Amino acid sequence: MKRSLAVLAAFVSLSGAAFGAALAPVKFGEKVNDLEFKDIRFLTRNLSDIGKPKAFVLVFLNTECPVAQKYLPKLKELDTKYGPQEVQLVGIYNSQNDSVRDMASHALESGIKFPVVKDVNQLCTKRLGIERVPQVAIIDGEGKLVYRGRIDDQYRVGGTQPKISNDDLVKAIDEILAGKSVSVQETPVDGCKVTPWKPVEIDHAVTFHEHISAIMQKHCQECHHAGTPAPFPLVSYKDVQSQAEMIAEVMDDQRMPPWYASPKHGHFKNNADMPKEERDLVAAWVKAGMPEGDASKAPAPLSFPTSEWRIGEPDLKITMTQTHDVPAEGYVDYKYVFLPYVFSEDTYVEAIEIRPHNRAVVHHCNMAYASLRQGKGGRETFITGYVPGGQPMVFTNGTAYKIPKGSVLVLQIHYTTTGREEKGKISVGFRYAKSGVVNKLSHFHLHDVRPLAIPPNDPMAEFTNKFEFKEDATLLGMFSHMHVRGRDMSFDVKRPDGSEERILEIPNYSFDWQLGYESPLPPHGVKIPKGTTMTCTAHYDNSKFNAYNPDPTRTVPYGDQTFDEMFNGFVFYTYDNENLNLKVDPKTGHVIQDSKESVAQK
């Protein structure tokens, strides 16, 4: 009994510390130990990662408080005014209900350029004595807390003053820049009371076989089983137990399963979002010590395809003739490879897969077709790509991709080093259309219309491009590609009736997880009337706070290598008035009975 009580006491102590209960607020004039938080890329960071300004202005925010929303325009003005004077604003989101993706989306849609971070378990909130949102804490150049309080006295929970009477934050910043002490260190704050984070509580025992195994099957095992690129399997109890703490962390962050689309915009067939109830079950299981439970209550194990191809055995397989040597370290220049096959006739395919023989060394691979006379592929002849977290291209309902007669395939391969010398080789597989072709897949590529040149130290450089649909269309999916400075990408449509809609927002783009976003068919699919304009907008973070930025002092041009940048927004669709009625030989993909093509096809 004594031992059990001691263990319980230790657990309660650790649990309280984890949620900030044991942290005493710092006093004015005291140095603040470097605060930790998570950035929009889920990385644990601290203030020194941002820099050493004359002052940090830490503004505590969430996505819902109406008082905080009213102050966003002023915060942006302060950033514009004081940023060049070495005053660094930081938005610290401290609500348990705001995920990292929610935070990134809120900052994007609010036009916030200064860094935004997630105060995990409210450790920063507790340390700085923050009680409301939007409360501010200023840390001076010596690392000392010198101000805590309101932004000004204009906006309150119950109403708004016509003008500011006390511009407290501006006064404090001006005094610091003038080399003076802050005259008023603390001011009252009107705003939304901060709600402390609450540990996960489940009212029943959680075991692996009864609860967790089904979650692993639903969300994890498609990638995490033997023979896949995943670093370890998550099939058996021992598999999951050995990685349990990490699994709980990445699920709580909502970085696994990987999914980067904001839930506020669009519906997607391949949405990998995991419900909160399931994330809570995993957290509760880990907290309880990972009990195995009764194996008889486990769901039947999944069976996985034995084929090395995710599309099933292809009708046509083409393999590179050469094998590439990949060095142990350093950058590897892009490789361009023509595959040894010529399409003798127009060929319609319903499934396409790029399969690296050594997945560990292929970061991504793009495939396009090129005519023998042209000798190269391009943006307009892009077919598909292999990317981290991506899936093969598969069509249904009579849709197929047309590879023109006289074409050859060209691969653009980006190899990555693993710490040892490796070999690289790639095969591609096609499954021919089997039930006739009604629609031909179409796509366009939105890219930089002006020379891509990202200014040094710019945290939110913006580039856009537009496309107008000439016929009624149905959207099938979208795909974005940038390099390591990519911050976000959004796709917006404006229809002829004047209505506007954001159909995809990727607020915290990940170079490591370049997902495709597949639109479902109506009623949730997106219909695109003739005359609709689609705009793609991308932002790039060329600041020091971007942990993956090779050189924030450099003007970054367009380029194939990851230390340069790209702006690629691909949109895939079919024309609604297209009814090809093509009969295709399922053994060759060639047309054996043709009908008059539609105006859109021509």
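A short reminder: the numbers here are calculations on the coordinates, not readings from a lab. Note that the structure is predicted; figures quoted are calculated from it, not measured. So basically every Cβ, Gly included, is an ideal-geometry build from the backbone, and we count neighbours across all protein chains shown.
Could you pull out every Cys in the chain that lacks a partner Cys with its beta carbon under 4.7 Å away?
Unpaired cysteines in the chain: Cys124, Cys220, Cys223, Cys365, Cys536.
Peptides 110-122, 66-78: what's the order by average Cβ count within 10 Å, highest mean first?
Final packing ranking: 110-122, 66-78.
Among 335-342, 363-370, 434-441, how do they line up from the highest to the lowest mean number of other beta-carbon atoms within 10 Å?
363-370, 434-441, 335-342
Once fully extended, how much extra length lies between Ser183 and Lys52, figured as 0.36 nm per residue of separation less the alpha-carbon to alpha-carbon distance?
Length gained, Ser183 through Lys52: 44.9 nm.
Counting only DSSP beta bridges with both residues in the chain, tell me the antiparallel percent, nearest 5.
90 percent
Which whole number of Å³ per residue matches the convex hull of the alpha-carbon atoms in region 249-337?
282 Å³
Rule-of-thumb check for region 358-494: C-alpha Rg over 2.2 N^0.38 Å?
So region 358-494 has a normalised radius of gyration of 1.24.
By how many nm would the segment from Gln391 to Asp560 grow when fully extended, if each residue of separation counts as 0.36 nm and the alpha-carbon distance is taken off?
Residue separation times 0.36 nm, minus the Cα-Cα distance, leaves 58.6 nm.
Sort Ser543, Ser307, Ser242 by Cβ crowding within 10 Å, fewest neighbours at the top.
Ordered from fewest to most neighbouring Cβ atoms within 10 Å, Ser543, Ser307, Ser242 come out as Ser307, Ser242, Ser543.
P(r) for region 190-280: what percent of alpha-carbon pairs falls in each 5 Å bin, starting at zero?
Going from the shortest bin to the longest, the percentages are 2, 11, 20, 22, 17, 12, 9, 4, 2, 1, 0, 0.
If you line up the long axis of helix 244-253 against the longest principal axis of the chain, both from Cα atoms, how many degrees apart are they, to the nearest 10?
80 degrees
Angle between the Cα long axis of helix 66-82 and the longest principal axis of the chain, 0 to 90 degrees, nearest 10?
It is inclined by approximately 90 degrees.
Which of the residue pairs Lys38/Lys527; Lys52/Lys74; Lys113/Lys494 have a Cα-Cα distance greater than 30 Å in the structure shown?
Violating the 30 Å limit, Cα to Cα: Lys38/Lys527.
Sorted by average packing, counted as other Cβ atoms within 10 angstrom per residue and highest first, what order do 169-176, 154-161 take?
Result, highest mean first: 169-176, 154-161.
What is the sum of charges around Ser105, taking Lys and Arg as +1, Asp and Glu as -1, for the other residues whose C-beta is under 9 Å from the C-beta of Ser105?
-2
As a check on your grasp of the helix formula, calculate [θ] at 222 nm for the chain: sum -39500 (n - 2.57) over DSSP H runs of n ≥ 4, divide by the residue count, round to the nearest 500.
Roughly -5000 deg cm²/dmol at 222 nm, from the helical runs in the chain.
Over what distance in Å are the Cα centres of region 34-64 and region 504-531 separated?
30 Å
What is the P(r) of region 21-193, as percent of Cα-Cα pairs per 5 Å bin from 0?
Pairs per bin, as whole percents: 1, 9, 19, 23, 23, 16, 7, 2, 0.
Return one quarter of the surface area of the convex hull spanned by the alpha-carbon atoms of the chain, equal to its mean projected area, in nm².
Result: a mean projected hull area of 32.7 nm².
Only bridges whose two residues both fall in region 21-193 count here: according to DSSP, what percent of them are antiparallel, nearest 5?
Looking only at bridges with both residues in region 21-193, the antiparallel portion is about 60 percent.
I'd like the distance between the alpha-carbon centres of region 458-496 and region 140-199, rounded to an integer number of Å.
So the separation of the two Cα centres works out to 38 Å.
How tilted is helix 168-177 with respect to the longest principal axis of the chain? Cα atoms for both, answer in degrees (0 to 90, nearest 10).
Roughly 90 degrees between the two axes.
Can you tell me the relative contact order of the chain? Whole percent, Cα pairs under 8 Å, sequence separation 6 or more.
For the chain, the relative contact order is 12 percent.
Tell me, Kirkwood radius of region 316-435 from alpha-carbon pair distances, in Å?
15.0 Å
Under 19 Å from a point 7 Å along the Cα-to-Cβ line of Ala24: which residues of region 141-174 have their amide N that close?
Once the point is set 7 Å along Cα→Cβ of Ala24, 144-146 turn out to lie under 19 Å by backbone N, inside region 141-174.
Gln217: net charge of surrounding residues, Cβ under 15 Å, Lys/Arg +1, Asp/Glu -1, itself excluded?
Here the charged neighbours net out to -2.
Calculate I(q)/I(0) for region 442-575 by the Debye formula, one identical point scatterer on each C-alpha and no solvent, and give its log10 at q = 0.12 Å⁻¹ to two decimals.
-0.48
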